[in-house]
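A.B. asks: My structure is below; once you've seen it, I'll send some questions.
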């Protein structure tokens with residue numbers, strides 16, 4: 001009898017956790033179409049072209065990966081790469097502008113238009129839509 005009561009007591013808790021997971025999943029996927037397009041057409045090509053060689057799946061200089069939103073938020077040895085919504089506080093912006101000791105990419109500074117793309121992306125809370133289609 002006590003076992004039945006214990007199991008019944010878990011039902012509300014299970015329901016609450018389930019609802020929380022659904023809400024969190026929905027919130028994570030709600031990226032405005034314009035922001036998703038901006039990421040795919042502007043930000044992702046720049047990341048692939050200028051960053052992934054040294055900060056991607058195969059190589060992670062300074063412990064930093066820039067090939068997923070979670071990795072960008074986690075950062076590397078120097079801390080998080082970005083502060084969501086705050087480009088002026090984001091390490092990524094400082095290193096892209098070549099302000100300070102760390103300058104990325106190290107061989108050549110990005111042009112102002114490319115840096116502005118990263119700034120706009122961070123201002124938009126760094127959307128990173130996940131393609132559910134297989135490439």
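Rule-based calculations on the coordinates, nothing more; no lab input. From a predicted model like this one, the values you see are computed outputs, not experimental measurements. Neighbour counts run over all protein chains shown; Cβ positions are idealised from the backbone, glycine included.
A.B. asks: Which parts of the stretch 64-101 would a label at residue 130 reach, counting a residue when its backbone N lies under 11 Å from a point 7 Å out along Cα-to-Cβ?
C.D. replies: Of the residues in the stretch 64-101, 69-70 have backbone N under 11 Å from the label point off residue 130.
A.B. asks: Which parts of the stretch 61-101 would a label at residue 53 reach, counting a residue when its backbone N lies under 15 Å from a point 7 Å out along Cα-to-Cβ?
C.D. replies: Correct set: 61.
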